[in-house]
Structure formats: C-alpha cells, structure tokens
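The next block holds one structure in the form of structure tokens; read it before the comments.
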Amino acid sequence: MLIGAPNGSAGGVNYAGTVELFSVSGTTWTQGQELSSNVPQQSANFGSSLALAGDRIAVGAPTEWIGSNSTAGRAYVFVKDQATGLFSLEQRFDSPTLAYNSGFGTAVDVKDGLLVVGAPNEVTGGGHVGSVWSWRLGKKKNGPWHSESELQAGPAIAEENFGCGVLIDTADIVVASRWANTNSGRDTGALFFYDAPEFTLSITPTQPAPGAPIDMEAHRGAAGSPILIAAEAIDGMPLFLPILYDVFGSNLSWSLQLDAPDPAFGITVSVRAWKIGAGGPLVGSQLIDIDL
C-alpha cells in the first residue's frame, strides 16, 4: 500500500513531500520504505498523486519548480529491486512544454510499460486547457522510458481541467476533465477515452545473436495505407532516421523478417513504427529497443 504525504519533510526540506510504503502479513500492516524526490524541493507536493503496478510506482509532484518555471510540476517512476525488495528512482519526467503552473503530475497512472501524466493547467491556445502525456517503457530491462504522445480534449477549451485524473484500463486511457461543458450544461465535467493499444509494433527477439533472424510486426493499420519504420535513438541519443517505407496488408497487419548484423555493432537502436493516415495525423507505436 502507498500513502502520500505531500507536506512531509524529506532530506531536511520542509513540505517537500514523501510517499510511505506499507506491507501486510496476515492482518498486520508494517511501515517500510519511504520514497522522496532525489532533490527534495519545498512545497513540491511530491506524493499528491500515486500509482502502483507490479514492480513500479509512479509519483506526481505537481507544484515542483523546473528551473525558473514555477510550479511546472514533475513525475517520478520508481522500480523495485528483486534482490533487496527496495524501490529506487528509475526516471523522472518533466512536461515537454515546461509551462508555468501547468500542474504536471496532478494525476499519474502506470501499467504494463505505459505511463500517463496529467497537467490540467497546461496552457494551449492562450488558456489553461490541460494536457495529458504518455511514455512507453523500452523493452530492455529498466527502460529507458520513451515519450509517446500528447492527448488533448477536442475541441480544447480553457479552464476545463482536462487531465485532473487519469486511468489506464485494459484497452483505454481514461482522462477526466472536471469542468468540461457538455449537453447537460456548463462545467458538468466529462470523461474522455483513448485507445491505448491502437497501433502496435512487436520485434522478436530484441537481443538477437549476430546473424540471427529478427521478426518485425505491426498491427491495426488500414489495408494499403503506408507504414514508416524509423530509428529514433541510438544508445539513447535522439535522432529520426527512416529505415523502411511499406504498406499494410489486407489483414490490417504488416510483417518483415531480417537478419541481425554479423558481427554485431554493439549498439542499442530504438525503433518505432508510424502509420500514415489519409489526411490525418501520424500515429506512432510504442518505441522498442533492439541490441544490434
């Protein structure tokens, strides 16, 4: 069990915020590890949002300063060490826009290698519309996490508090918009559903032996529509290098087999598939790390 104490003291810093972990044996609960930011900051509200899934904990600190961007907010993911049973910081996340007072981290959820973070005060188009960002965990052990997409309500309207709550369901990302206008009236609120696994890419294996075959498959594209396979990082250094351009088959899927380099290059390549809709936005799959 996780309990957030967003006004708790951490590392000698008052009101920085902490998260307390409890475990149960029979009917007895025992307090265990305490989590905090690696650089505690006063009034950051670390622990005001929490999520636990398997070996990972996500924590929001929605009023943490990022440089000169006051109360921009930040999110953290901690991962469990199987040998010790203790959690340690895996990665911390900033809003891609670093907007003042965006409240990034007001809501968090993590599940099956997907992280979702809400920023209900994010400024878009001149008003506090709110945004939600998602990241995918690289397929290598312990990440890294890769930025995936930004979600917004449509149409985007100021002060609707989009992103004040987020939830990852089996097939959907659910986003709450506390003050959304609906047919029932003004400021009645709404829930938005987004298809979490809408477009997928699988690569097997991700750690091939030199010269071994690698199977690549993408699913849920429109038959005959283009697909672009691109390398978007090498050893963690961002880039965008198109590798292959092809089209989906009639069964809404695409597949290719190729051989790993022999001898091996000794690098890790992060690969993503993009489907290109007619007149619509590009939709990217999760990012997958391959050791070549």
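So for each of 71-81, 89-99 I average, over its residues, the number of other beta carbons within 10 Å; can you give me the resulting order with the highest mean first? Walk me through the numbers on the way to the answer.
On the way: 71-81: 22.4, 89-99: 17.5.
Descending packing order for the listed peptides: 71-81, 89-99.
Just order 253-259, 31-37 by mean Cβ neighbour count inside 10 Å, highest at the front, would you?
31-37, 253-259
Could you tell me which of P40, W133, L228 has its Cα farthest along the dipole of the chain towards the positive end, charges placed at Cβ (Lys, Arg +1; Asp, Glu -1), taken about the Cα centre?
Projecting each Cα onto the dipole axis, the largest value belongs to P40.
With springs only between Cα atoms under 10 Å, which of G236, G130, G17 fluctuates most in a Gaussian network model of the chain?
Between G236, G130, G17, it is G236 that shows the largest mean-square fluctuation.
What does the convex hull of the Cα atoms of the chain come to per residue, in Å³, rounded to a whole number? Can you show the working numbers first?
Working: hull volume 52.1 nm³, N = 292.
Considering the Cα atoms of the chain, their hull volume per residue is 178 Å³.
Once the convex hull of the C-alpha atoms of the stretch 1-148 is built, how many Å³ does it hold per residue, rounded to a whole number?
For the stretch 1-148, the hull spanned by Cα atoms encloses 112 Å³ per residue.
About its Cα centre, what dipole magnitude does the chain give when the only charges are +1 on Lys and Arg Cβ and -1 on Asp and Glu Cβ, stated in debye to the nearest 20? Working shown, then result.
Working: 14 positive and 28 negative charges, 65 e Å.
About 300 debye.
How many nm separate the modelled label positions at E20 and L282, each set 7 Å beyond the Cα in the direction of the Cβ?
Those two pseudo-labels are separated by 4.8 nm.
Which three numbers, in whole Å and largest first, are the semi-axes of the equivalent ellipsoid of the stretch 200-291 derived from its Cα gyration tensor as √(5λ)? Working shown, then result.
Numbers: eigenvalues 114, 47, 17 Å².
Value: 24, 15, 9 Å, ordered largest first.
Give the distance, in whole Å, between the Cα centre of the stretch 70-115 and the Cα centre of the stretch 215-292.
For the stretch 70-115 versus the stretch 215-292, the Cα centre distance is 27 Å.
Among N101, Y76, C164, whose Cα sits farthest toward the positive end of the charge dipole of the stretch 2-195 (+1 at Cβ of Lys/Arg, -1 at Cβ of Asp/Glu, about the Cα centre)?
Toward the positive end, the furthest listed residue is Y76.
Just how large is the dipole of the stretch 200-291 about the Cα centre, in debye to the nearest 20, putting +1 at every Lys and Arg Cβ and -1 at every Asp and Glu Cβ?
Numbers: 3 positive and 9 negative charges, 87 e Å.
My answer is approximately 420 debye.
Relative contact order for the stretch 200-291: what is it in percent, counting Cα pairs under 8 Å that are at least 6 residues apart? Write out the running numbers ahead of the final one.
On the way: 215 pairs, mean separation 32.2, N = 92.
Over the stretch 200-291, the number comes to 35 percent.
Among Q257, W274, M237, flag the residue with its Cα farthest along the positive direction of the charge dipole of the stretch 200-291, charges on Cβ as +1 for Lys/Arg and -1 for Asp/Glu.
After comparing all options, I get W274.
Find out how many positive minus negative residues lie around G8, taking Lys and Arg as positive, Asp and Glu as negative, among other residues whose Cβ is under 14 Å from that of G8.
Numbers: positive: none; negative: E20, E34.
Cβ neighbours under 14 Å give a net charge of -2.
All of the numbers you see were taken from the coordinates with simple rules; none came from a lab. On a predicted model such as this, the values are computed, not experimentally measured, just so you know. In this analysis, Cβ positions are derived from the backbone assuming ideal geometry, glycine residues included, and neighbour counts consider all displayed protein chains.
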